[in-house]
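Inspection log for the structure reproduced underneath, given as structure tokens.
Computed from the coordinates by the stated procedures, all read-outs in this text should not be read as laboratory data. Every value quoted in this text rests on a predicted model; they were computed, and no experiment measured them. When we count neighbours, we look across all protein chains shown, and the Cβ atoms used for this are built from the backbone with ideal geometry, even at glycine.
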Amino acid sequence: MKIEDYLSNAMHTSVNIRYEKMQETIGLCIAQMHRQESECEERIGFWTYLSDIFRFEGLSIWGLQAAALVASSLGIILFKQVPEALPMFMPLFGLALVPILCRSRVCGMCEMEAATRASGAEIALAKLILAGASQLLCMTVLLWLKISVSGNSDQIVQMILYVLVPFLVCVVWLLRNIRMCRTRSMTLYTSLSFVSCAAWGVSAKVFPWLYETSATGLWIAGFVVFAVFFIREIGFIIQMRKEGKMYGAIS
């Protein structure tokens, strides 16, 4: 009741309004609005922004991909089922993207990203470019390791497909989950990614014909299909970046 009485008394207390100062403040606000409309503030370029992302998050982005590379290299050396073992470890590189792309959602920073001049789509695109560069390097190292272990480079085309197809499957699924705002499904995505690692390993035993030269057409078809889906997702990100929108909703 004391608070209600205080507020009631305050509302009924007469206030000495200085109208000349009020008009002066209104005039300053109007002048500031006109100044902002007439001045064209210089926007930071994307490549400059990309270098900033690399400076602040490059270590974590490249570090996670390096961890996936170490695990894959040890697995290939341990099993020595090359090239059949290559698809088994590719989902690890997709998993390495989860902490990078979902950090803002986990930390509750989506609203802050949406309020900045760089939209969430631009942030996601910059991180994907940096991660893609490290993944290209890591996959090259894995292919070199295969040739070193097996001493045979005759199936290099098939091995490239064994690397790319499982990786594209995981990345397309991850990007779609982010775009469709399925944040709760990230736990399921992580679990199924580990399951897919085992599934690719089992396929080498259960379906050995899948890794023969005659089955190269199936791998090429899989690559084309998931490459189209991947390009489509990148197109969504670029379009949202142009519109200044978030990639996915604020959660």
Highest mean packing first, using Cβ neighbours within 10 angstrom, the peptides 127-138, 218-229, 22-33 sort as 127-138, 218-229, 22-33
May I ask you to derive the FRET efficiency for residue 133 and residue 157 from their Cβ-Cβ distance with R0 = 22 Å, giving the value to the nearest 0.05?
0.45
Theoretical FRET efficiency, 1/(1+(r/R0)^6), r = Cβ-Cβ of residue 215 and residue 103, R0 45 Å, to 0.05:
0.70
How much length, in nm to one decimal, is gained on full extension between residue 52 and residue 199, taken as 0.36 nm per residue of separation minus their Cα-Cα distance?
49.0 nm
